[in-house]
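Read the structure below first, then the notes.
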Amino acid sequence: MALRWVVFLLFVGRTGAVGNGQTLTVSERCMQDTNTFLWEINKDEPKEYAVLMFDAFGKLGSNVVGGNSNQPGLLQQCRSAHGPSFSGQYCQVFLRQGKVQYFVGICVPDSCEKDDVQTLVLHDQLQFNQMSLIPPLPSILVNQSTQEIIMTHCLSNKIAPDTSDITCLFVCCVMVAIPLAATLLTAMIRWQWKREVRPTVESSCLSAGLKLYGTLKTRSSSSSETNSSSSEENNSIHPTQTCSPQSRVYGCLQAFSIQNSSWSVYNTPTSTPVGGYASLNGIRVLSLLWIMCGHSAQFPVINSLDNYKNWRKTVESSPLYVLTISGPVFLAVDTFLLLGGLLSARSLLGSINKDEDKLSLSLVGNYLLKRITRIQPLHLFIMCLTIGLISLVKWGPYWFPFIDTVMDCKTYWWANLLLISNLLPVHEICIPWTWYLSLDFQCYATTPLLVYFYRLNKSVFMIVAAVLFLMTTVTSAVITAHLHLPVFQPSTMTSENYVLYYYVKPHTRYGPFLIGILTGIYLTTKKNPLLKQWWQAALGWFCCLSLLAVLVGLAYILKETPSNPSMPHALYQGLHRPLWALAVTWIILACEEGYGGFIKRFLSLTFWVPLSNISFACYLIHPVFIILYIGLQETPIHYTDINFMYLFFGHLVLTLAVSYVLTVLVEKPYLLLK
């Protein structure tokens, strides 16, 4: 969740006005090469390298009033310039002029260090024909004419991964190599058995693998942010031990082989068993697409648009864009929390029934361990992959809003492993979008306690559930009123407290998960249908769809950040997420009880099953592609509807393709391993 210009708060060094007359302190080599470059560009016929370096400097463009204040220049052209004793080095000077903050790309000799460059700019030494190469914005556009340097940074031409980067890349290679090796060994063992014509041994030893393989045809393991509970609902298969000890090893090889893991992705059973909740696949995938659409639309506006103000004016003035505003977009996260609570309750109740109706500590421990082993392999892989990629990529001018991601990972990686990253300050979270995994696990850990109260005494259970619901609702409302929070996360992050104290915390986001637990318990234990008349279903659908529309519409009406404690904002913040979860709960109940109509048929299409099975990988990997795309740009992105639409579909296609590979190689093998 990088903030707009938050990098300034992290990297502020010496500050001062350009041309302030302080003592000039620059290394001799840097000063000599800089004078050579400046002398050359002021000649009547300068050499080619000097022309390239001069041309690579950022220049003021049009539409500054629309947000085009950054002047990135030309990074690659700067690096292609080679002088008599130096080459071009691309640096960025971050400036503040009145209320406008912007950066200018400059091209200086590579003999200059960052401090040298900042000193040269402070003393206004970079000039052409006695005019500054970094001129201030015209007074007609900005009231303040004095430039204040916030920081200077030079992008290295070299790739220099450190020990942690190499370690992360090694971990990624190992995690990919294991299933590839298992696939090869499995094929070789089968070929050898057939060659030696040992039908008895083959039949016995293959039984373990065949049983595991057979279960894939009926296994409906859903892989998304929250669907990991579903994989724990399946019966464990214990391979027969009728042959040599090698059968256990062969079973492990089968679990990691691509043949088996790829089959589980394409698992599309023609019939759904009772209680299979087929509609959840469509709900899960549509919610994921909504989140990906929001990320694709909002990440570029952090600092990569050349018409940011035009974008903001457009999306805030037209209700047609309301679904791309952060609040409504991330209601999909509450849908995932609902599904997570539902499936976790169902999974635990199913395990209790198999364990002679006992809720023992060992069962709870195994329940939580399955969850950890379910989410952590792919989580660890994505974390290592992100750290490794950031160290290997030659970033462009728009890298800086995301560099804190790798810095935080090298300091706070342990919080991700312990699944407590959302309890850290938001600017310290490694891979910010994985805060959800920590939140989901913390909510997931409460399921055994609530199920215990349910089995102990239903009245006590309802009291506990009501108190928890009231606490999370009131807490959200009080925090919103006290801190003057908006009801959605603005793309400009005008209120950092929104994320810091509200958005990622379990005590404010627990409501939808609690509703999911209640729904899961009801669906698992119900004996009679809830809906008995068609008019009940019709009334329920009317209320559900109306509530969904009102919740999204109110986010548009209340989009302004309040300057004082606001009762409407507080009430909306406290209630809108649980109410959204209740509306989605109705859709699930109506579909399960036969009142879903064409909506159930649509949500239950087998088309959704493979997409649902790779959705967990999609959620984890899609921000990496968005960040890579933005960070590699040398020029700003121009906002138009068609440009943003193509960005979304481009990210979507790439995400689906890579997510399938990651699901097969990294995620599924650990689900199939018994």
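Okay, residues lined up against (1) touching a residue at least 60 places away in the same chain (Cβ under 8 Å); (2) assigned to a loop (DSSP other than H, G, I, E, B); (3) among the β-branched types (Val, Ile, Thr):
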site: 473; (1), (2), (3): yes, no, yes
site: 517; (1), (2), (3): yes, no, yes
site: 527; (1), (2), (3): no, yes, no
site: 536; (1), (2), (3): no, no, no
site: 541; (1), (2), (3): no, no, no
site: 544; (1), (2), (3): no, no, no
site: 552; (1), (2), (3): yes, no, yes
site: 561; (1), (2), (3): yes, yes, yes
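Can you tell me how many residues in the range 138-165 are β-branched (Val, Ile, Thr), in contact (Cβ under 8 Å) with a residue 60 or more places away in the chain and open to solvent by 50 Å² or more (accessible area, probe 1.4 Å)?
Residues meeting the conditions: 2.
Each row is one residue, and each column tells you yes or no for (1) at pLDDT below 90; (2) at positive phi; (3) part of a loop (DSSP other than H, G, I, E, B).
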position: 54; (1), (2), (3): no, no, no
position: 59; (1), (2), (3): no, no, yes
position: 67; (1), (2), (3): yes, yes, yes
position: 91; (1), (2), (3): no, no, no
position: 120; (1), (2), (3): no, no, no
position: 124; (1), (2), (3): yes, yes, yes
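Tell me, yes or no, whether the range 567-574 has at least one residue that is open to solvent by 40 Å² or more (accessible area, probe 1.4 Å), within 27 Å of residue 343 (Cα to Cα) and touching a residue at least 12 places away in the same chain (Cβ under 8 Å).
Filtering the range 567-574 down to residues open to solvent by 40 Å² or more (accessible area, probe 1.4 Å) leaves 567-568, 571.
Imposing the further condition that a residue be within 27 Å of residue 343 (Cα to Cα) reduces the set to none.
Scanning the range 567-574, I find no residue that is open to solvent by 40 Å² or more (accessible area, probe 1.4 Å), within 27 Å of residue 343 (Cα to Cα) and touching a residue at least 12 places away in the same chain (Cβ under 8 Å), so the answer is no.
Kindly indicate whether any position in the range 418-433 is out of contact with any Cys (no Cβ under 7 Å at 6 or more places or on another chain) and within 22 Å of residue 173 (Cα to Cα). Let's see the steps before the verdict.
First, pick out the residues of the range 418-433 that are out of contact with any Cys (no Cβ under 7 Å at 6 or more places or on another chain): 418-420, 422-429, 432-433.
Those left that are additionally within 22 Å of residue 173 (Cα to Cα): none.
No; the residues of the range 418-433 include none that is out of contact with any Cys (no Cβ under 7 Å at 6 or more places or on another chain) and within 22 Å of residue 173 (Cα to Cα).
Looking only at residues that are loosely packed, with under 12 Cβ neighbours inside 10 Å and of a type outside the set (Gly, Ala, Ser) in the range 540-566, which one is farthest from the chain's Cα centre (by Cα)? Lay out the reasoning, then the answer.
So the first thing to find is which residues in the range 540-566 are loosely packed, with under 12 Cβ neighbours inside 10 Å, and the list is 542, 546, 549, 563-564.
If we keep only those that are of a type outside the set (Gly, Ala, Ser) too, we end up with 542, 564.
Working: 542: 33, 564: 32 Å.
Per the stated criteria, the residue is 542.
Which one of these is open to solvent by 10 Å² or more (accessible area, probe 1.4 Å), assigned to a helix (DSSP H, G or I), modelled with pLDDT under 90 and over 27 Å from residue 63 (Cβ atoms): 368, 363, 389?
Numbers: 368 fails: modelled with pLDDT under 90; 363 fails: modelled with pLDDT under 90.
Selected residue: 389, the only one of 368, 363, 389 that is open to solvent by 10 Å² or more (accessible area, probe 1.4 Å), assigned to a helix (DSSP H, G or I), modelled with pLDDT under 90 and over 27 Å from residue 63 (Cβ atoms).
Give the range 280-330 a look and list any residue that's surrounded by 21 or more Cβ atoms within 10 Å (Cβ to Cβ), farther than 26 Å from residue 631 by Cα and among the small types (Gly, Ala, Ser), or say none.
282, 287
With respect to the numbered conditions (1) free of Cβ contacts under 8 Å to residues at least 24 places away in the same chain; (2) under 26 Å from residue 310 (Cα atoms), which one is the sole condition not fulfilled by residue 597?
The number of the failed condition is (2).
Give the residue that is surrounded by the fewest Cβ atoms within 10 Å (Cβ to Cβ), with candidates limited to residues of the range 606-633 that are touching a Gly at 6+ places or on another chain (Cβ under 9 Å) and under 30 Å from residue 76 (Cα atoms).
632
Condition first: open to solvent by 10 Å² or more (accessible area, probe 1.4 Å) and within 21 Å of residue 304 (Cβ to Cβ). Now tell me which residues in the range 87-133 satisfy that.
96, 99, 100, 101
Anything in the range 70-79 that is touching a helix residue (DSSP H, G or I) at 6+ places or on another chain (Cβ under 9 Å) and open to solvent by less than 60 Å² (accessible area, probe 1.4 Å)? List them, or say none. Walk me through how you get there before you give the answer.
Going residue by residue through the range 70-79, those that are touching a helix residue (DSSP H, G or I) at 6+ places or on another chain (Cβ under 9 Å) are 73-79.
The answer is 73, 75, 77, 78, 79.
Residues in the range 652-666 that are under 17 Å from the mean Cα position of the chain (by Cα) and open to solvent by less than 20 Å² (accessible area, probe 1.4 Å): how many?
Matching residues across the range 652-666 total 4.
Being open to solvent by 10 Å² or more (accessible area, probe 1.4 Å) and in a helix (DSSP H, G or I) is the requirement here; does residue 454 meet it? Don't jump to the end; show me each part of the working.
On the way: open to solvent by 10 Å² or more (accessible area, probe 1.4 Å): yes; in a helix (DSSP H, G or I): yes.
When the stated conditions are applied, residue 454 passes them.
Of these, 324, 386, which one is within 23 Å of residue 548 (Cβ to Cβ) and among the polar types (S, T, N, Q)?
Details: 386 fails: within 23 Å of residue 548 (Cβ to Cβ).
The conditions single out 324.
Take residue 411 and tell me if it is more than 30 Å from residue 363 (Cβ to Cβ), more than 18 Å from the chain's Cα centre (by Cα) and crowded, with 18+ Cβ neighbours inside 10 Å. If you could, list the steps in order and put the result at the bottom.
Numbers: more than 30 Å from residue 363 (Cβ to Cβ): yes; more than 18 Å from the chain's Cα centre (by Cα): yes; crowded, with 18+ Cβ neighbours inside 10 Å: no.
For residue 411, the condition - more than 30 Å from residue 363 (Cβ to Cβ), more than 18 Å from the chain's Cα centre (by Cα) and crowded, with 18+ Cβ neighbours inside 10 Å - is not met.
Of all residues in the range 586-605, count the ones that are open to solvent by less than 10 Å² (accessible area, probe 1.4 Å), part of a helix (DSSP H, G or I) and not aliphatic (A, V, I, L, M).
Residues meeting the conditions: 1.
Kindly list the number of the only condition in (1) open to solvent by less than 20 Å² (accessible area, probe 1.4 Å); (2) touching a residue at least 60 places away in the same chain (Cβ under 8 Å) that fails for residue 500.
(1)
From the set of residues in the range 332-360 that are of a type in the set (D, E, K, R) and farther than 13 Å from residue 440 by Cβ, which is surrounded by the most Cβ atoms within 10 Å (Cβ to Cβ)? Give the steps one after another, and end with the answer.
Residues of the range 332-360 of a type in the set (D, E, K, R): 334, 346, 354-358.
If we keep only those that are farther than 13 Å from residue 440 by Cβ too, we end up with 346, 354-358.
Working: 346: 25, 354: 12, 355: 13, 356: 7, 357: 8, 358: 12.
My answer is 346.
I'd like to check which helices (runs of 4 or more DSSP H) are fully inside the range 303-354 and have at least 2 residues that are of a type in the set (Ser, Thr, Tyr).
Numbers: elements: 308-317, 326-329, 331-354.
It comes to 308-317, 331-354.
Checking the structure you have, find out if any residue of the range 178-193 is charged (D, E, K, R), open to solvent by 60 Å² or more (accessible area, probe 1.4 Å) and assigned to a helix (DSSP H, G or I).
Within the range 178-193, the subset charged (D, E, K, R) is 190.
Okay, now just the ones that are also open to solvent by 60 Å² or more (accessible area, probe 1.4 Å), so 190.
Subsequent filtering for residues that are assigned to a helix (DSSP H, G or I) retains 190.
Yes, the range 178-193 has at least one match.
Just to be sure, is residue 524 of a type in the set (S, T, N, Q), buried (at least 20 other Cβ atoms within 10 Å of the Cβ) and modelled with pLDDT of 90 or more? So that I can check it myself, show each step before the final result.
Working: of a type in the set (S, T, N, Q): yes; buried (at least 20 other Cβ atoms within 10 Å of the Cβ): no; modelled with pLDDT of 90 or more: yes.
Judged against the criteria, residue 524 is not a match.
Could you figure out which of (1) within 20 Å of residue 509 (Cβ to Cβ); (2) modelled with pLDDT of 95 or more; (3) within 19 Å of the chain's Cα centre (by Cα) isn't true of residue 474?
Of the numbered conditions (1) within 20 Å of residue 509 (Cβ to Cβ); (2) modelled with pLDDT of 95 or more; (3) within 19 Å of the chain's Cα centre (by Cα), the odd one out for residue 474 is (3).
Does the range 429-437 include one or more residues that are in contact with a His (Cβ under 7 Å, 6 or more places away or on another chain) and either assigned to a helix (DSSP H, G or I) or at positive phi (or both)? Steps first, answer last, please.
Initial filter on the range 429-437 (in contact with a His (Cβ under 7 Å, 6 or more places away or on another chain)): 434, 437.
Filter once more, so that each one left must be either assigned to a helix (DSSP H, G or I) or at positive phi (or both): 434, 437.
Scanning the range 429-437, I find at least one residue that is in contact with a His (Cβ under 7 Å, 6 or more places away or on another chain) and either assigned to a helix (DSSP H, G or I) or at positive phi (or both), so the answer is yes.
Would you mind telling me which numbered condition in (1) in contact with a Cys (Cβ under 6 Å, 6 or more places away or on another chain); (2) surrounded by fewer than 18 Cβ atoms within 10 Å (Cβ to Cβ) residue 376 fails?
Condition (1) is where residue 376 drops out.
The values are calculated or read from the model by the stated rules, or taken from the named source; none is laboratory data. Quick caveat, the model's predicted, so the values are computed rather than measured. When we count neighbours, we look across all protein chains shown, and the Cβ atoms used for this are built from the backbone with ideal geometry, even at glycine. Remember, those area values only see protein heavy atoms, side chains included, never the ligands or the DNA or RNA. Shrake-Rupley method; radii C 1.70, N 1.55, O 1.52, S 1.80 Å.
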